[in-house]
Amino acid sequence: MHHRPPHLVSDVMTRRVVALGRTATYKDIVKAMRQWNVSALPVLEEENRVIGVVSEADLLRKQEFRDADPDDRYARLEQLANLAKAGTVTAEELMTAPAVTVTANATLGQAARTMARAKVKRLPVVSDEDTLLGVVSRSDLLKVFLRDDEDIAEEIRLEIVARLFPAPLEPIRVEVRDGVVKVTGRVRDTTLVPIVTRLVRGVDGVVDVDCALLGPPRLPNLDPDLPVDDVTRPPWGAGSIT
């Protein structure tokens, strides 16, 4: 049975990318961002290698310090780096380097974690040689959640349920609605239920999981009027060890 690999950055990234050269001017950068409706642009050197990224935040530092009170400019030592950027005019001077990038064969989860740690909305996608291949954005990472519900359910049935429970006590049902998965049925080994939940959460397009798998049914009490202790404990003197 073939296991479907997770979606990769190469599956969802935008391949048509606008990039800057080292000498791009401040005004050229602003025009490019406005024309292409993006908030950041990669900066390239020879052979299209990514050396940095210029973001709106980098550009706004120039405006931020233009009207600042001179007495406040040096209030905190960490502002010096920002103040230096505020007086620059080219992409090489404005850019944040080294660039935070992601490889094309990274999973969507890895890309999302990189974005969260770096607090950015877009990442340049590079090859192993740091050559620019594309750009991936937050909206690109969310594309997997547009996946069809039945497609998600079929993957869970074939790749998870059938593998873990080849002979369930009763048929296991997998239902998906708007990305929310519900798994019901009875299985012989309930220690596998947490594993099912974890694996289902890792399926592309899954929003949430309700794993309601049950174990074997309890044996019926043949004499419901008899107290449980009297059934399970032998009477005194009947086979008791003294």
Next item on the list: With a point put 7 Å past each Cα toward its Cβ, work out how far residue 131 is from residue 46 in nm, to one decimal.
Entry: 1.5
Item checked: Additional length obtainable on full extension of the chain from residue 178 to residue 197, 0.36 nm per residue less Cα span -> 5.1 nm
Checklist line | Spin-label pair residue 163/residue 219, simplified geometry with 7 Å Cα→Cβ offset, distance in nm | finding: 3.6
Next item on the list: Find, among the trypsin sites (Lys or Arg not before Pro) in segment 96-143, those assigned to loop by DSSP (not H, G, I, E, B) with at most 12 other beta-carbon atoms within 10 angstrom.
Entry: 119
Notebook entry, point to check: What distance in nm separates the simple spin-label points at residue 25 and residue 37, each placed 7 Å from Cα in the Cβ direction?
Noted result: 2.8
Next item on the list: Show me 13-19, 150-156 ranked by packing, highest mean number of other Cβ atoms within 10 Å first.
Entry: 150-156, 13-19
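Coordinate-derived values only; no laboratory data. Since the model is a prediction, treat every value here as computed from it, not as a measurement. Quick reminder, even Gly has a Cβ in these numbers, built from the backbone with ideal geometry, and neighbours come from all protein chains shown.
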